[in-house]
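Colleague: Mind looking over this structure? Questions follow.
Please treat every number below as a calculation from the coordinates, not as lab data. Predicted, not measured: the structure shown is a model, and the values here were computed from it. Every residue, glycine among them, receives a Cβ derived from its backbone with ideal geometry; neighbour counts consider all protein chains shown.
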Amino acid sequence: MKFYNLIIILLLITALSSCKEKDVKEEKTAKPETKIEPKEGVQPFAEAIFSQFTNIRDFTMTTDENEAYFTLQSPARELSVIMRIEKHDGAWQNPEISSFSGTYTDLEPFLSPDNLKLFFVSNRPVSIDSTNTKDMDIWYVERTTKTDAWSEPKSIGAPINTTGDEFYPAVARNGNLYFTTIKKALESADDIFMSTWENGAYSEPKILGEGVNTKGAEYNAFITPDESYIIFGGWRRPDGLGSGDMYISKHINGEWSPAENLGDKINSKYMEFCPFVLNETLYFTSRRSSVTSKEGGFTTTEDLMSEMDKYENGLSRIYAIDFKNYNSQSQ
């Protein structure tokens, strides 16, 4: 009888202990998972891919963020090729030469808001019978759907292309085209112009107002699909932080507001240029550097190369920053 009672007591203790363990487990699983917050400030973009190259610039991406194009240049910029990357299972794949690039000096790709046209700059011959390169003109390729191949390159022609250089095309949803050129008659450096798309053709380009352009150099303009604001590069302006900064101007009642420097949370004392905004993220090119000397010096090659090989090492690379907070505060 005593032995029987002992067995009952042991079974009760085991059962109570099991219940307590179950309660502890349930309590643990009931705790919410820690949410990983996005990083603040300027961050390297596609670091594993872009850290391989010395000079990259001119970033553009489809609205679903699964296909992107950028310019890859040799260290001294003798070669300039437009590259394509594609995302699979959430990861960017190795770059490939775009179907329309690789023979001539090509740069500054820009996808139209519907993803069916890609504008770029090239020195390729206008005539298919010629092998003589030209000045820098604006070209484009097009496709019927996002899964189709790009067409053969087509020159955008007059009145946009001239005997001078045209650079950095950016197109709005209505087809209006913004680009950079120099008009000697204006006695200024690079200026930003706009040509409206009317009845299937481009109008004579007009210079943007004093809110954007000065006697100095303005370049690399990104226009929003609705033309509500423009971001562009300004060279050594009085309020600049470095050699070239990015500025923003709003389109208000048909006028461009006085441009504002994007500030030291985005610009640095180094060169920032080639802006592109998509889904409230600002992508841009920078030659910023965070390479620093080590107290006491470097004693191993490994430590030295680790510092030199940083993404932020003064080379031309792509960065990204959350732009929605800045834009909402600046309306």
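Colleague: Most mobile of 172, 46, 221 per a Gaussian network model of the chain (Cα springs, under 10 Å)?
Modeller: Of the options given, 46 has the highest mean-square fluctuation.
Colleague: Using alpha carbon centroids, what distance separates segment 275-310 and segment 126-186, in Å?
Modeller: Computed from Cα coordinates, the inter-centre distance equals 34 Å.
Colleague: Same structure, new question: Looking only at 48, 320, 76, which one moves most when the chain is put into a Gaussian network model with springs between Cα atoms under 10 Å?
Modeller: Looking only at 48, 320, 76, the biggest GNM fluctuation is shown by 76.
Colleague: If you don't mind, another one. For the chain, what is the calculated [θ] at 222 nm in deg cm²/dmol (nearest 500), taking -39500 (n - 2.57) for each run of four or more DSSP H residues and dividing by its residue count? Working shown, then result.
Modeller: On the way: 4 runs with 47 residues, N = 331.
So the helix-based figure for the chain works out to -4500 deg cm²/dmol.
Colleague: Another question, then. Could you compute the FRET efficiency for residue 114 and residue 94, with r as their C-beta to C-beta distance and R0 at 25 Å, rounded to 0.05? Numbers along the way, then the final one.
Modeller: Numbers: r = 27 Å, r/R0 = 1.08.
E(calc), rounded to 0.05, equals 0.40.
Colleague: Continuing with this model, one more query. Filter the GluC sites (Glu not before Pro) in segment 237-321 to those in DSSP coil with at most 13 other Cβ atoms within 10 Å of their Cβ, and list the result. Before the final figure, lay out the partial values.
Modeller: On the way: sites: 255, 260, 272, 280, 295, 302, 307, 312; in loops: 280, 295, 312.
Here the sparse-neighbourhood loop sites are 280, 295.
Colleague: So what's the angle, to the nearest 10 degrees on a 0 to 90 scale, between helix 2-30 and the longest Cα principal axis of the chain?
Modeller: 10
Colleague: Could you check which residue among 203, 122, 51 shows the biggest mean-square fluctuation in a GNM of the chain with a 10 Å Cα cutoff?
Modeller: 203
Colleague: Just give me a number: lysine pairs in segment 228-331, eight or more positions apart or cross-chain, with C-alpha atoms less than 27 Å apart.
Modeller: 10
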